Amino acid sequence: MTVDALTDVAGLRVGHATRTGDGWLTGTTVVLAPEGGAVAAVDVRGGGPGTKETDALDPRNLVQKVEAVVLTGGSAYGLDSASGVMAWLEEHGRGVRVGPEPAHVVPVVPAACVFDLGRGGDFKARPDAAVGRAAVEAAAASEPGAPVVEGCVGAGTGATIGPLKGGIGTASTVLESGITVGALVVCNAVGSVSEPTTGALYGELAQGRVDLPAPEVHEAARLRLAEAAARGGRPPLNTTLAVVATDADLTKSQAQKLAGTAHDGIARAVRPVHLLNDGDTVFALATGARPLAPTGPLALNEMLAAGADLVTRAIVRAVRAAVPVDGPGGSWPSYEELYGGR
């Protein structure tokens, strides 16, 4: 049984730590790999990235597998949440072995952040090591194949898309080859997710949706968003993050190609994308449970196409799962509030 989430890739677990109220509107999300790790790669396209340990994922470098990936709010400050994840992994003996004892490990924990500083009202309310630890503990405590909570949770808690509320979404598919591919996205974009003349979501148009919002609904939504944007007055410092994963046996180079083509899924759902104020980053994980053979390159191409499609679908789900926020740090309506469900 599948749950249409990243956790359909067997062995992967997802945990959120969410902080709201008293000036907080932020959080951290951890994707925990199976024990022993997963082959990992990354592709960074945004002009303002905030990342940690991404150089280790270069196919030319030593580290082949990672035990976890961290997505976090708090801009560069929030990358401290990865320290809590590292501490937890070290306590469980998980990481790159660097000495004769089983405890002699160094966990390599790639991380990327979104900008949400001050959105809860307190600029200094941002994830730290304790928040990261809470997120990895939540992931470890979850059941295998468990559904993933979407919307304004974890790293998506303070996410926005211009004047619209953003969040976290996820999706998965099983290919004809039997290989599973999944995606999880934190949508916090500078660009827009909706077509300006109709209000339809770009991501749904890309998926073939034809039931456009009624003109009067779109006009009311447009006026509401214009009012929200005028009240905001905040710089467009955002970022969309994604983790695309598969149970296929990929090399680091193949995983990097998967991360790169997955950016196409962001471009289909967010316009414009990869701007100087974005830090758009996609991680790829491969657990290696299923061989690519005998179809080889054909299976890989099928996987690359699926990764991009799933990122688009995950962004749509993030936008539709988001809930409005009206607090000391700002007011952001949600797409569902403005346009209603499908």
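The values are calculated or read from the model by the stated rules, or taken from the named source; none is laboratory data. Keep in mind that this is a model prediction, so the values were computed, not measured. Here the Cβ positions follow ideal geometry from the backbone for every residue, glycine too, while neighbour counts run over all protein chains shown. For accessibility, only protein heavy atoms count, side chains too; no ligands or nucleic acids. Shrake-Rupley method; radii C 1.70, N 1.55, O 1.52, S 1.80 Å.
Given the criteria in a strand (DSSP E or B), under 30 Å from residue 89 (Cα atoms), touching a helix residue (DSSP H, G or I) at 6+ places or on another chain (Cβ under 6 Å) and modelled with pLDDT of 95 or more, does residue 131 qualify?
The answer is no for residue 131.
Search segment 210-232 for residues being more than 11 Å from residue 198 (Cβ to Cβ) and not hydrophobic (A, V, I, L, M, F, W, C), and hand back the single one that is surrounded by the fewest Cβ atoms within 10 Å (Cβ to Cβ).
The residue in question is 216.
Output the residue which, of all residues in segment 171-192 that are open to solvent by less than 10 Å² (accessible area, probe 1.4 Å) and either more than 16 Å from residue 33 (Cβ to Cβ) or without any contact (Cβ under 8 Å) to a residue 24 or more places away in the chain (or both), is farthest from the chain's Cα centre (by Cα).
179
Kindly indicate whether residue 258 is open to solvent by less than 70 Å² (accessible area, probe 1.4 Å), part of a helix (DSSP H, G or I) and touching a residue at least 60 places away in the same chain (Cβ under 8 Å).
The answer is yes for residue 258.
If a residue has to be assigned to a helix (DSSP H, G or I) and either over 26 Å from residue 37 (Cβ atoms) or open to solvent by 50 Å² or more (accessible area, probe 1.4 Å) (or both) to count, how many in segment 285-334 make the cut?
Residues in segment 285-334 being assigned to a helix (DSSP H, G or I) and either over 26 Å from residue 37 (Cβ atoms) or open to solvent by 50 Å² or more (accessible area, probe 1.4 Å) (or both): 15 in total.
Quick one: how many residues across segment 80-105 are of a type in the set (A, V, I, L, M), under 22 Å from residue 155 (Cβ atoms) and surrounded by fewer than 21 Cβ atoms within 10 Å (Cβ to Cβ)?
Looking only at segment 80-105, we keep the residues that are of a type in the set (A, V, I, L, M), and these are 82, 85-87, 89, 96, 98, 103, 105.
Checking the rest, the ones that are also under 22 Å from residue 155 (Cβ atoms) come to 82, 85-87, 89.
Keeping just the survivors that are surrounded by fewer than 21 Cβ atoms within 10 Å (Cβ to Cβ) gives 87.
Going through segment 80-105 one residue at a time, the tally reaches 1.
Look through segment 75-132, keep the residues that are among the acidic types (Asp, Glu) and within 21 Å of residue 188 (Cβ to Cβ), and return whichever of them is farthest from the chain's Cα centre (by Cα).
122
Name, by its number, the condition in (1) surrounded by 19 or more Cβ atoms within 10 Å (Cβ to Cβ); (2) among the aliphatic types (A, V, I, L, M); (3) within 29 Å of residue 146 (Cα to Cα); (4) touching a helix residue (DSSP H, G or I) at 6+ places or on another chain (Cβ under 9 Å) that does not hold for residue 117.
For residue 117, the exception is condition (3).
Read through the list (1) over 21 Å from the mean Cα position of the chain (by Cα); (2) closer than 27 Å to residue 251 by Cα; (3) in contact (Cβ under 8 Å) with a residue 60 or more places away in the chain, then give the number of the only condition that residue 21 fails.
Of (1) over 21 Å from the mean Cα position of the chain (by Cα); (2) closer than 27 Å to residue 251 by Cα; (3) in contact (Cβ under 8 Å) with a residue 60 or more places away in the chain, only one is false for residue 21: (2).
Of the residues 140, 125, which is assigned to a helix (DSSP H, G or I) and either under 18 Å from residue 49 (Cβ atoms) or among the small types (Gly, Ala, Ser) (or both)? Walk me through it before giving the result.
Numbers: 125 fails: assigned to a helix (DSSP H, G or I).
From the options 140, 125, the qualifying one is 140.
Evaluate segment 22-42: report whether one residue or more is hydrophobic (A, V, I, L, M, F, W, C), part of a loop (DSSP other than H, G, I, E, B) and surrounded by fewer than 16 Cβ atoms within 10 Å (Cβ to Cβ).
No - not one qualifying residue is present in segment 22-42.
Checking residue 62 against (1) touching a residue at least 60 places away in the same chain (Cβ under 8 Å); (2) farther than 17 Å from residue 288 by Cα; (3) part of a loop (DSSP other than H, G, I, E, B), only one condition comes out false. Which one?
In the conditions (1) touching a residue at least 60 places away in the same chain (Cβ under 8 Å); (2) farther than 17 Å from residue 288 by Cα; (3) part of a loop (DSSP other than H, G, I, E, B), residue 62 misses (1) alone.
Find the residue count for segment 43-59, including only residues that are more than 20 Å from residue 84 (Cα to Cα) and assigned to a strand (DSSP E or B).
Matching residues across segment 43-59 total 2.
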